[in-house]
C-alpha cells in the first residue's frame, strides 16, 4: 500500500509520529510524509524518511488554506495514494478536503485532541465542533486519543461508530523507565543541581495555554519559601505557534529567580531530565492526551496537572497525582507545597503512576492496535 502521513509541521513528525511511520515501514508499506518545511526536515531526510514539503498553515488564513488544498490535491492525484493519514486540526481540514476531491480510497484522521474544549467561549466551541462534524463525513477511519473525545465523537455522530476508535497514547517503555539513585545523582551533577535539591519540572511548548505563566508565578513563591527547590522548564515556542507568546514573562522570571529557574529549551535527553524531577507539573488549559505526562508517569513520577480533557483521564486524583482547576496560580502553589512536605504521598503517587502507565500506555501495544484496525478497514487494498 502507498500511504501518506501528513502533519502541519515537522515538529509533530519528529516527536510524535515516527514510531507509527516506522511501524508502517516495517509492514513493508510505502510511506511518504508530508509537512511544512522546518528545522527538522533535513535531519529526517538524512535518516531515510521520504519527506515532501507542502506548506500547511496552522491558522485560518483563507488564502493559505486554499493554496494548501490545491497543492495537496495535485500531490494526491499524481501519486495515487491508497491511504492518506492526517494529524493535527487545521491540517485535517485541508487534507480531507483535498483527498475528497482527489478521490483517495481511504482517509484516516487521528485527533490528538479535538480543538474545541470546555474552556473556550460557546461560539468558538461550536464553530470548531461543527467543522469536525462536517469533515467527519469525509473520513473513513477516525482515531481519537482520549476517551472523552471518543464519547463526544460517538454521541455527536461524527462518523459511523464502527469506524471510530479510541487508541490512547503511548511511550517507549525501553526508553522511559525509573533510574536508580546513583544515576540520578550523576545526572544532577551534570545539570549542576545540588545533591539534595527538590526538582520540579515542566515540559511543554512555551505558550500561554500551557499554563506556563501561572506555573512560574507559583514556582517563584515556592523557591522563596523552600531554599532547596529548583525549577526545570523544558521546551520551546514554534515559529508557527499562534497561541500567545510569553518570552518576556519567562525572561522576567529568570531575572528574579536566577539559578533557581533553569531554562533548558529544546532537549533530546528527556528521559534523563525527567529522572532528576521529584515532581512533574503541567498546568495546561487545553490538551488532547499529554505525551509529557505519560513519559513522567512511565518513569514513576507524581503528577500535578489541571482538570481538563485528557489530563484527568491520565492522572487519577489522589492516586497518581493531583488535579487542580485551570488557571489557578494559588492551587499550583498549595499543591506543590503539599507534595514537598509529604514524601510518602509523593512516592505512592509515583509508584501508582508507573503501574498505570505500564498497563495503559505502552506504545508498542497502541501502535499494533492501530495497524490492525487499518488492515481490517483496508483489506480490499491489501488483497488487490
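The values are calculated or read from the model by the stated rules, or taken from the named source; none is laboratory data. The shown structure was predicted, so the numbers you read here are calculated from the model rather than taken from an experiment. In this analysis, Cβ positions are derived from the backbone assuming ideal geometry, glycine residues included, and neighbour counts consider all displayed protein chains.
Please pick out the residue among 22, 30 that is assigned by TED's automatic domain parsing to the domain that holds residue 165, under 26 Å from residue 268 (Cβ atoms) and either modelled with pLDDT of 95 or more or touching a helix residue (DSSP H, G or I) at 6+ places or on another chain (Cβ under 7 Å) (or both).
Among 22, 30, only 22 is assigned by TED's automatic domain parsing to the domain that holds residue 165, under 26 Å from residue 268 (Cβ atoms) and either modelled with pLDDT of 95 or more or touching a helix residue (DSSP H, G or I) at 6+ places or on another chain (Cβ under 7 Å) (or both).
Hey, can you tell me all the residues within region 73-119 that are over 24 Å from residue 62 (Cα atoms), assigned to a loop (DSSP other than H, G, I, E, B) and modelled with pLDDT of 95 or more?
80, 81, 82, 105
Take the conditions within 30 Å of residue 84 (Cα to Cα) and without any contact (Cβ under 8 Å) to a residue 60 or more places away in the chain and apply them to residue 311. Does it pass? So that I can check it myself, show each step before the final result.
Working: within 30 Å of residue 84 (Cα to Cα): yes; without any contact (Cβ under 8 Å) to a residue 60 or more places away in the chain: yes.
So residue 311 fits the description; yes.
If you check residue 185 against the conditions, is it surrounded by 22 or more Cβ atoms within 10 Å (Cβ to Cβ) and either in a helix (DSSP H, G or I) or within 24 Å of the chain's Cα centre (by Cα) (or both)?
Against the criterion (surrounded by 22 or more Cβ atoms within 10 Å (Cβ to Cβ) and either in a helix (DSSP H, G or I) or within 24 Å of the chain's Cα centre (by Cα) (or both)), residue 185 does not qualify.
Condition check: surrounded by 15 or more Cβ atoms within 10 Å (Cβ to Cβ) and assigned by TED's automatic domain parsing to the domain that holds residue 143. Does residue 60 satisfy that?
Against the criterion (surrounded by 15 or more Cβ atoms within 10 Å (Cβ to Cβ) and assigned by TED's automatic domain parsing to the domain that holds residue 143), residue 60 does not qualify.
Can you find a residue in region 244-253 that is crowded, with 18+ Cβ neighbours inside 10 Å, under 21 Å from residue 340 (Cβ atoms) and touching a helix residue (DSSP H, G or I) at 6+ places or on another chain (Cβ under 6 Å)?
Checked region 244-253: at least one residue is crowded, with 18+ Cβ neighbours inside 10 Å, under 21 Å from residue 340 (Cβ atoms) and touching a helix residue (DSSP H, G or I) at 6+ places or on another chain (Cβ under 6 Å).
Do you know which of the residues in region 121-162 that are surrounded by 15 or more Cβ atoms within 10 Å (Cβ to Cβ) and in contact (Cβ under 8 Å) with a residue 60 or more places away in the chain is nearest to the chain's Cα centre (by Cα)?
Filtering first and then ranking leaves 145.
Given 66, 11, which one is at pLDDT 95 or above, in a helix (DSSP H, G or I) and in the same structural domain as residue 79 (by TED's automatic domain parsing)?
Unique residue meeting the criteria: 66.
Within region 196-243, which residues are assigned to a loop (DSSP other than H, G, I, E, B), under 17 Å from residue 340 (Cβ atoms) and either in contact (Cβ under 8 Å) with a residue 40 or more places away in the chain or touching a helix residue (DSSP H, G or I) at 6+ places or on another chain (Cβ under 8 Å) (or both)?
197, 226
When you scan region 290-384 for helices (runs of 4 or more DSSP H) that lie fully inside it, which ones turn up with 1 or more residues that are within 24 Å of residue 22 (Cα to Cα) and touching a helix residue (DSSP H, G or I) at 6+ places or on another chain (Cβ under 7 Å)?
Passing ranges, in order: 291-298, 343-360, 363-377, 379-382.
Quick check on region 266-285: of everything there that is more than 15 Å from residue 216 (Cα to Cα) and either outside any loop (DSSP other than H, G, I, E, B) or not assigned by TED's automatic domain parsing to the domain that holds residue 201 (or both), which residue is nearest to the chain's Cα centre (by Cα)?
Residue satisfying both the conditions and the ranking: 270.
Is it the case, given these coordinates, that residue 343 is surrounded by fewer than 16 Cβ atoms within 10 Å (Cβ to Cβ) and either under 26 Å from the mean Cα position of the chain (by Cα) or at pLDDT 95 or above (or both)?
yes
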